[in-house]
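What follows is a set of notes on a single structure, which appears directly below.
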Amino acid sequence: MARRSLLGGVAGLGALTALAACGRVPTSVPGGSATVPPTQPGTPAPRSLPYGPDPAQYGVLHLPPGAQRVPVVVVVHGGYWRAAYGLELGTPLAVDLTNRGIAAWNVEYRRVGAGGGWPATFTDVAAAIDLLPDAVQKAADGRLDLDRVVFLGHSAGGQLVGWAASRERLDPGRPGADPRVTPVGTVSQAGVLDLVAGAAAGLGGGAVVDLLGGPPEAVADRYALASPAALVPAPAPVVCVHGDADTVVPLDQSQRYVAAATAARGDARLRVLPGADHFAVIDPALPAWTAVRQEVEGLL
């Protein structure tokens, strides 16, 4: 299927990333996985904002039309944390959210193979989220309702938002500690939420080990600080949406997280999508994305 071609290699990704960095929205994402929906009349042009000096340290702000205050969704893309995949994967979702009257902050970050890994990938996501009250709010002319923020991430991005949801649990001085933004909830789309199990299963051809710089037995402290399943319960609800036909990130990743969170008396639940594969949840034309969006809107 076309969506699965994303795993094999992406042609023209650098060009699409450059377009996003200039505030121009591509009409499709690599591999033909999804088409960016048409925007509503009066929708402002997306704005690229840096949160650090590296070329990958930026996000793209998407605002709905109008002047009213709006809730915000932080969108974090997947791609097994590797440099071959960029935030254009989140662009269709960001545009669809603006069409529903929701602002989207689509985050890029340093990835493995281009300066990412532990702890850079994590501190980047934290810094991008923490920019919301400052430069992002200013760029939005004060329209962002920061009391209504939801974190949304797909695959590796699901891991990153699951981690970000529990940043309050990190001790001072740890990467990502002391968050400035508290979400009202988090939605993981087929997320890699148990990094120890993911490393043992060799998910993504060893992507978890590459991210953290070693297997669990060698860098156990990193797994304890990075794996969402090790940081339960998150202070706000976490919804895991996962297709039962996913052959890229197994359903048990979401099952493990929800089991750990509920055992810790956290607010977490799993929504299984029958017949949905790994990429269905990031295609606005498919019912799987509609289910994800319903969960986001429910949290808001």
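The values are calculated or read from the model by the stated rules, or taken from the named source; none is laboratory data. Computed from a predicted structure; not experimentally measured. We place every Cβ from the backbone using ideal geometry, glycine too, and count neighbours over all the protein chains shown. Accessible surface is based on the protein model in full, side chains and every heavy atom, while ligands, DNA and RNA are left aside. Shrake-Rupley method; radii C 1.70, N 1.55, O 1.52, S 1.80 Å.
Placing +1 at every Lys and Arg Cβ and -1 at every Asp and Glu Cβ, with all other atoms neutral, what dipole size does region 137-211 have around its Cα centre, in debye to the nearest 20?
Numbers: 7 positive and 8 negative charges, 28 e Å.
For region 137-211, the charge dipole is close to 140 debye.
What nm value, rounded to one decimal, do you get for the distance between R100 and V272 when each label is placed 7 Å out toward the C-beta?
According to this spin-label approximation, the distance is 2.4 nm.
Sorted by average packing, counted as other Cβ atoms within 10 angstrom per residue and highest first, what order do 149-159, 73-83 take?
Working: 149-159: 30.0, 73-83: 25.5.
The most tightly packed comes first, giving 149-159, 73-83.
Treat region 150-300 as a sphere of radius equal to its Kirkwood radius over Cα pairs and apply Stokes-Einstein at 4 °C in a medium of 1.567 mPa s; give the translational diffusion coefficient in µm²/s, rounded to a whole number. Could you put the intermediate results ahead of the total?
Working: Rh = 15.2 Å.
This corresponds to a translational diffusion coefficient of 85 µm²/s.
Given the DSSP H assignment, sum -39500 (n - 2.57) over each helix run of at least 4 residues in the chain and divide by its residue total; what's the result at 222 nm in deg cm²/dmol, nearest 500? Each step should come with its number before you reach the end.
On the way: 9 runs with 87 residues, N = 300.
Calculated at 222 nm, the ellipticity per residue is -8500 deg cm²/dmol.
Which of (1) -0.45, -1.14, -1.36; (2) -0.22, -0.96, -1.32; (3) -0.33, -1.22, -1.46 is the computed log10 I(q)/I(0) by the Debye sum over Cα atoms at q = 0.07, 0.14, 0.16 Å⁻¹ for the structure on display?
Here the calculated entry is (2).
What is the sum of charges, Lys and Arg at +1 and Asp and Glu at -1, for the other residues whose Cβ falls under 13 Å from the Cβ of R222? Let's see the in-between values first.
Working: positive: R174; negative: D210, E217, D221.
Summing Lys and Arg as +1 and Asp and Glu as -1 gives -2.
Hey, got the dipole for the chain? About the Cα centre, +1 on K and R Cβ, -1 on D and E Cβ, debye to the nearest 20? Kindly include the intermediate steps, with their values, before the conclusion.
Values: 22 positive and 25 negative charges, 69 e Å.
So the magnitude is around 340 debye.
Between A201 and R265, what is the FRET efficiency for a Förster distance of 25 Å, r being their Cβ-Cβ separation, to the nearest 0.05? Write out the running numbers ahead of the final one.
Numbers: r = 27 Å, r/R0 = 1.10.
It comes to 0.35.
Among residues other than A291 whose Cβ falls under 15 Å from its Cβ, what is the net charge (Lys/Arg +1, Asp/Glu -1)? Before the final figure, lay out the partial values.
Numbers: positive: R100, R269, R271, R293; negative: D96, D244, D246, D277, D283, E295, E297.
Residues close to A291 contribute a combined charge of -3.
Tell me, what is the Rg over Rh of region 44-85, with Rh the Kirkwood radius over Cα pairs? Write out the running numbers ahead of the final one.
On the way: Rg = 13.1 Å, Rh = 12.6 Å.
A ratio of 1.04.
If you add up the charges near R69, with Lys and Arg at +1 and Asp and Glu at -1, over every other residue whose beta carbon is less than 11 angstrom from its beta carbon, what do you get? Walk me through the numbers on the way to the answer.
On the way: positive: R143, R148; negative: D141, D145, D147.
Net charge in that neighbourhood comes out at -1.
What is the set of long-range amide H partners of R271 at a cut-off below 5 Å, with H atoms built 1.01 Å from backbone N?
HN-HN under 5 Å from R271: C240, V241, H242.
Would you work out which of P284, V70, A199 lies farthest towards the positive end of the dipole of the chain, given +1 charges on the beta-carbon of Lys and Arg and -1 on that of Asp and Glu, about the Cα centre?
V70
Of all beta bridges DSSP finds with both residues in the chain, what is the antiparallel percent, to the nearest 5? Don't jump to the answer; show the numbers that get you there.
On the way: 9 of 36 bridges.
DSSP beta bridges in the chain are roughly 25 percent antiparallel.
Name the residue, out of D210, D96, D141, whose mean-square fluctuation peaks in a Gaussian network model built on the chain with Cα pairs under 10 Å.
So, out of D210, D96, D141, the one fluctuating most is D141.
Set the Förster radius R0 to 35 Å, insert the Cβ-Cβ distance between K138 and R169 as r into 1/(1 + (r/R0)^6), and round the FRET efficiency to 0.05. Walk me through the numbers on the way to the answer.
On the way: r = 30 Å, r/R0 = 0.85.
Here the calculated transfer efficiency is 0.75.
Quick one: with all protein chains in place, what share of the accessible area of the chain is carbon or sulfur, to the nearest percent (1.4 Å probe)? Walk me through the intermediate numbers first.
Values: 5760 of 10900 Å².
Roughly 53 percent, rounded to a whole number.
Describe numerically, in nm with one decimal, the distance between label points set 7 Å from Cα along Cα→Cβ at A177 and at D252.
Modelled inter-label distance: 3.4 nm.
Heavy-atom accessible area per residue, the chain, 1.4 Å probe: how many Å²? Please report the intermediate quantities before stating the final value.
On the way: 10900 Å² over 300 residues.
Spelled out: the 1.4 Å probe surface of the chain, per residue, equals 36 Å².
Restricting to DSSP loop positions (anything but H, G, I, E, B) with no more than 14 other Cβ atoms inside 10 Å of their own Cβ, which trypsin sites (Lys or Arg not before Pro) remain in region 222-271? Don't skip to the end; give the middle numbers.
On the way: sites: R222, R256, R265, R269, R271; in loops: R265.
Within region 222-271, the qualifying trypsin sites (Lys or Arg not before Pro) (loop, at most 14 other Cβ atoms within 10 Å) are R265.
Taking springs between alpha-carbon atoms closer than 10 angstrom, which of G142, G86, G162 fluctuates most in the Gaussian network model of the chain?
Checking each option, the largest mean-square fluctuation is seen for G142.
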